[in-house]
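Data block below; observations after.
FYI, it's all coordinate maths here, none of it is from the lab. If you're wondering where the values come from, they're calculated on a predicted model, not measured in any experiment. Note that each Cβ is placed from the backbone with ideal geometry, even for glycine, and that neighbours are counted across all protein chains shown.
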Amino acid sequence: MSMKLSDSFTRLVPSVVSITAAILSVWLMSLTLRVLPVGTAYAVWAGIGAAGTAAVGIFFFQEPANLARIVCIGLVVAGIVGLQLQAQA
């Protein structure tokens, strides 16, 4: 969300928030590598990012929320849950 608000990194505060969030995100993912296989950790990280970004677009930027899009987001979330369950087994 902050990346969109940064207007291609031309606005200072949203740009700083965006860069800080990106660094924090990668650092937090690196912590998960202590307990999850790298493939699972990356897939979950990317999937949460994709589903979360799509949801933010729908709720905050009035992007379309048609049935196909909602189903696809649900499939991403189902994949994340499935990977997490497999990693814990």
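Remarks
- Filter result (surrounded by fewer than 16 Cβ atoms within 10 Å (Cβ to Cβ) and in contact (Cβ under 8 Å) with a residue 40 or more places away in the chain) within segment 63-89: Q84, Q86
- Spans of helices (runs of 4 or more DSSP H) in segment 1-62 with at least 3 residues of a type in the set (D, E) and surrounded by 11 or more Cβ atoms within 10 Å (Cβ to Cβ): none
- Cβ-Cβ distances below 7 Å connect the following pairs, each with a first residue in segment 16-39 that is under 26 Å from S6 (Cα atoms), a second residue that is assigned to a helix (DSSP H, G or I), and a separation of six or more residues or different chains: V17/S2; S18/S2; S18/M3; A21/S2; M29/A41; M29/W45.
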